[in-house]
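Encoded as structure tokens, the structure appears first; notes follow it.
Values quoted throughout were computed directly from the atomic coordinates according to the rules given, and no laboratory measurement underlies them. Keep in mind that what you see is a predicted model, and the values were worked out from it rather than measured. Here Cβ is always computed from backbone atoms with ideal geometry, including for glycine, and neighbour counts include all displayed protein chains.
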Amino acid sequence: MRATDSARTPAPAIDPPMPDLVQTICHALQGIRFGSVEIIIHDARVVQIERKEKIRLETATCRKGG
């Protein structure tokens with residue numbers, strides 16, 4: 001055991017996810033093809049959910065001159 005291991009603060013106990021929270025996360029994931037869903041946690045509690053969606057354009061539509 002290293003000295004830094006014993007100095008770590010144990011993580012607080014985390015309550016099991018609430019059905020509403022799970023449903024909200026699933027809703028954020030629905031329909032997303034490219035992007036990310038970020039879950040922000042503070043003091044062992046989910047405080048924010050961010051959904052970032054990317055829209056990918058077809059390569060042919062991005063070229064000049066069609």
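Extension gain, THR9 to LEU21: 0.36 nm times the residue separation minus the Cα-Cα distance gives 1.7 nm.
Here the label points at PHE34 and LEU57, each 7 Å from Cα along the C-beta direction, are separated by 1.1 nm in the simple model.
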